[in-house]
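What follows is one structure encoded as structure tokens, with my remarks underneath.
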Amino acid sequence: VPEYTIVSFNIRGRCEAARMLLADQGLEWKDEFVTIDTWLQGDLKAKAVFGQLPVFKDGGLTLYQSNAILRHLARKHGLYGKDLNDQSCIDMMNDGVEDLRIKYLQLIYKNYEEGKDAYIKSLPAEFKYFENVLGQKKYGNGFLVGNKISFADYNLVDLLCNHLVLAPGCLAEFPLLSAYVKRISSRPRIQAFLSSDAHKNRPINGNGKQ
Ligand SMILES: N[C@@H](CCC(=O)N[C@@H](CSC(=S)NCCc1ccccc1)C(=O)NCC(=O)O)C(=O)O
């Protein structure tokens, strides 16, 4: 029986990065999808620490907050760098990814029709920071920090994949970011996960906009 359970809406949303991490690491998990009706009628929301999904269960541990879930898995599975400095740099990078994710979600859920064009025009200014980070890597632009994948990489790749749906050419002027997304998404288990029906049939967001 898989030790991990993800309880979420049937969307990629804030959990797909964790699913990508689990798949890449060869780890099993169970997905429990909650409908909006169940969520609003049931006591799931009332029991949720912040009244939100996703929930992650690891044996007796129940975790909310998608970034806390990523960090928990990173600590358990060696995806948090080689030392304390790496951990802090990885935290810094993941906070940068979260900043962009919040902007993306704001567009999707609050301002899609009116805000889409301006948001896409603002992307080069956002992406150039990550392009610069990859350019500083002495390991040939391998990962955000050091020469080993971390939870921040799964989080960024998931978010960039969402952006490639929103604006297909958005990485064209960022060779390092384009190569980075290709390289990580073609890791065998990630490639298998991304081509699975489970992934492909899951909408990116909860309101059908992408
Ligand atoms: N900081 C949290 C944020 C979790 C979150 O926003 N969860 C949303 C759903 S996931 C998401 S990306 N939300 C974006 C906006 C949204 C709100 C309500 C429903 C669907 C989407 C949620 O549970 N909404 C239901 C509710 O609040 O009753 C995290 O990182 O997990």
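The values are calculated or read from the model by the stated rules, or taken from the named source; none is laboratory data. Quick caveat: nothing in here was measured; it's all calculated off a predicted structure. Positions of Cβ are generated from backbone atoms using ideal geometry, with glycine treated the same way; all protein chains shown enter the neighbour counts. When the accessible area is computed, the model is the full protein with side chains, heavy atoms only, and any ligands, DNA or RNA have been set aside. Shrake-Rupley method; radii C 1.70, N 1.55, O 1.52, S 1.80 Å.
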Exercise. How far is it, in nm, from the label point at VAL1 to the one at TYR129 when both lie 7 Å from their Cα along the line to the Cβ?
Worked result: 4.3 nm
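Only helices at least 18 Å long along their axis, Cα-based, and averaging -0.5 or more on Kyte-Doolittle count here, so list those DSSP H runs from the chain. Mind showing how you got there, number by number?
Numbers: long enough: 84-110 (38 Å, -0.31); 112-135 (34 Å, -0.60); 151-166 (23 Å, 1.00).
Flagged H segments are 84-110, 151-166.
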For this session: Could you tell me which of the pairs LYS116/LYS182; LYS57/LYS209; LYS103/LYS128 are separated by over 22 angstrom between their Cα atoms in the structure shown?
Result: LYS116/LYS182; LYS57/LYS209
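Given only helices, namely DSSP H runs of n ≥ 4 each adding -39500 (n - 2.57), what is the per-residue ellipticity at 222 nm of the chain, to the nearest 500 deg cm²/dmol?
Calculated mean residue ellipticity at 222 nm is -17500 deg cm²/dmol.
Per residue, what volume in Å³ does the convex hull of the Cα atoms of the chain enclose?
Numbers: hull volume 26.5 nm³, N = 210.
In the chain, the Cα hull volume divided by residue count equals 126 Å³.
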Seminar exercise, completed: proj_area_mean for region 41-118 (convex hull on C-alpha atoms), units nm², value 7.7 nm²
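Rank SER195, SER8 by accessible area, highest first, at a 1.4 Å probe radius? Don't skip to the answer; put the middle values down first.
Working: SER195 65, SER8 5 Å².
Ranked list, largest accessible area first: SER195, SER8.
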Problem set entry | Efficiency of FRET from Cβ geometry, LYS182 and PHE33, R₀ 30 Å, rounded to 0.05 | 0.50
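For region 1-97, what is the percent of antiparallel DSSP beta bridges, rounded to the nearest 5? Mind dumping the intermediate values first?
Numbers: 8 of 14 bridges.
So the antiparallel bridges amount to about 55 percent of the total.
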Problem set entry | Mean separation of Cα contacts under 8 Å (6+ apart) over length of the chain, as relative contact order % | 27 percent
Exercise. Using a 1.4 angstrom probe and counting only protein chains, how large is the accessible area of ARG12 in Å², to 10?
Worked result: 40 Å²
For this session: Could you list the GluC sites (Glu not before Pro) in region 28-136 that lie in coil according to DSSP, counting only those with at most 16 other Cβ atoms within 10 Å of their Cβ?
Result: GLU28
Seminar exercise, completed: Taking chymotrypsin sites (Phe, Trp or Tyr not before Pro) as exposed when in a DSSP loop with at most 13 other Cβ atoms inside 10 Å, the chain has its longest clean stretch at 51-138
